[in-house]
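See below for the structure under consideration.
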Amino acid sequence: MLDLTVCIGSACHLKGAYNLIQTFQQLIEEKSLHDQITLKSGFCMKLCHIPGVGVMVDGEEHHVAAEKAGEFFAKEVEPKL
Ligand code: FES
(Lines give C-alpha, C1' and ligand atoms only; values in the text may rest on other atoms or scores of the structure.)
Protein backbone atom coordinates (compact mmCIF):
# COMPACT_ATOMS: atom_id res chain seq x y z
CA MET A 1 0.00 0.00 0.00
CA LEU A 2 1.47 3.32 -1.08
CA ASP A 3 1.03 6.37 1.18
CA LEU A 4 0.23 9.59 -0.66
CA THR A 5 0.07 12.53 1.73
CA VAL A 6 -0.85 16.08 0.73
CA CYS A 7 0.02 18.98 3.02
CA ILE A 8 -2.98 21.03 4.09
CA GLY A 9 -1.01 23.58 6.10
CA SER A 10 -1.99 27.21 5.49
CA ALA A 11 0.72 27.94 2.88
CA CYS A 12 -0.12 24.82 0.89
CA HIS A 13 -3.83 25.48 1.24
CA LEU A 14 -3.23 28.80 -0.52
CA LYS A 15 -1.18 27.06 -3.21
CA GLY A 16 -4.08 24.74 -4.11
CA ALA A 17 -3.81 21.72 -1.78
CA TYR A 18 -7.57 21.20 -1.94
CA ASN A 19 -7.55 20.97 -5.76
CA LEU A 20 -4.59 18.63 -5.63
CA ILE A 21 -6.40 16.28 -3.24
CA GLN A 22 -9.51 16.36 -5.42
CA THR A 23 -7.51 15.50 -8.54
CA PHE A 24 -5.70 12.65 -6.76
CA GLN A 25 -9.03 11.33 -5.45
CA GLN A 26 -10.51 11.45 -8.94
CA LEU A 27 -7.52 9.64 -10.47
CA ILE A 28 -7.58 6.95 -7.77
CA GLU A 29 -11.27 6.42 -8.45
CA GLU A 30 -10.95 6.41 -12.25
CA LYS A 31 -8.08 3.93 -12.14
CA SER A 32 -9.59 1.79 -9.35
CA LEU A 33 -6.50 2.15 -7.17
CA HIS A 34 -8.27 2.29 -3.76
CA ASP A 35 -6.65 -0.90 -2.61
CA GLN A 36 -3.17 0.29 -3.63
CA ILE A 37 -3.00 3.92 -2.47
CA THR A 38 -3.83 5.52 0.87
CA LEU A 39 -4.53 9.20 0.27
CA LYS A 40 -4.07 11.31 3.38
CA SER A 41 -3.80 14.94 4.31
CA GLY A 42 -1.05 16.13 6.60
CA PHE A 43 0.16 19.18 8.43
CA CYS A 44 3.04 21.43 7.41
CA MET A 45 5.95 19.43 5.97
CA LYS A 46 8.34 22.40 6.23
CA LEU A 47 8.35 22.77 2.45
CA CYS A 48 6.44 26.06 2.49
CA HIS A 49 9.38 28.01 1.03
CA ILE A 50 9.33 25.88 -2.13
CA PRO A 51 6.77 26.63 -4.87
CA GLY A 52 3.99 24.04 -5.07
CA VAL A 53 2.13 22.01 -2.49
CA GLY A 54 4.07 19.68 -0.18
CA VAL A 55 3.40 16.03 -1.05
CA MET A 56 4.92 12.85 0.38
CA VAL A 57 4.99 9.63 -1.61
CA ASP A 58 5.89 6.83 0.80
CA GLY A 59 7.93 9.27 2.89
CA GLU A 60 9.65 10.88 -0.10
CA GLU A 61 9.26 14.69 -0.27
CA HIS A 62 7.90 16.40 -3.37
CA HIS A 63 6.36 19.76 -4.17
CA VAL A 64 3.62 19.82 -6.76
CA ALA A 65 1.85 22.67 -8.56
CA ALA A 66 -1.90 22.05 -8.32
CA GLU A 67 -2.28 22.20 -12.11
CA LYS A 68 0.39 19.51 -12.54
CA ALA A 69 -1.38 16.95 -10.34
CA GLY A 70 -2.16 14.55 -13.20
CA GLU A 71 1.35 14.69 -14.58
CA PHE A 72 2.85 14.15 -11.11
CA PHE A 73 0.55 11.20 -10.44
CA ALA A 74 1.58 9.49 -13.69
CA LYS A 75 5.29 10.17 -13.19
CA GLU A 76 5.84 9.77 -9.44
CA VAL A 77 2.95 7.75 -8.04
CA GLU A 78 1.82 5.13 -10.55
CA PRO A 79 5.32 3.74 -11.29
CA LYS A 80 5.69 2.97 -7.55
CA LEU A 81 2.60 0.74 -7.44
S1 FES B 1 2.21 24.48 4.81
FE2 FES B 1 2.64 22.86 3.46
S3 FES B 1 4.73 22.53 3.70
FE4 FES B 1 4.28 24.09 5.11
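The values are calculated or read from the model by the stated rules, or taken from the named source; none is laboratory data. All values derive from a computational prediction rather than experimental measurement. Glycine gets a Cβ as well: all are built from the backbone with ideal geometry, and neighbour counts include every protein chain shown. Accessible surface areas use protein heavy atoms only, side chains included; no ligands, DNA or RNA. Shrake-Rupley method; radii C 1.70, N 1.55, O 1.52, S 1.80 Å.
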So, with points 7 Å from each Cα along the Cβ direction, the His34-Leu81 label distance in nm works out to 1.4 nm
Relative contact order of the chain: what whole-number percent is it, with Cα pairs under 8 angstrom and at least 6 residues apart?
40 percent
Order by protection proxy (mean Cβ within 10 Å, highest first), peptides 5-12, 21-28, 32-39
5-12, 21-28, 32-39
Leaving ligands, DNA and RNA out of it, report the carbon-plus-sulfur percent of the accessible area of the chain at a 1.4 Å probe.
51 percent
How about segment 34-81: which trypsin sites (Lys or Arg not before Pro) there lie in a loop by DSSP and see at most 11 other Cβ atoms within 10 Å?
Lys46
What is the magnitude of the charge dipole of the chain about its Cα centre, with +1 placed on the Cβ of each Lys and Arg, -1 on the Cβ of each Asp and Glu, and no other charges, expressed in debye to the nearest 20?
260 debye
As a check on your grasp of the helix formula, calculate [θ] at 222 nm for the chain: sum -39500 (n - 2.57) over DSSP H runs of n ≥ 4, divide by the residue count, round to the nearest 500.
-7500 deg cm²/dmol
Kirkwood Rh, Cα Rg: Rg to Rh for the chain?
0.93
Taking a probe of 1.4 Å, how large is the accessible area per residue of the chain, in Å²?
59 Å²
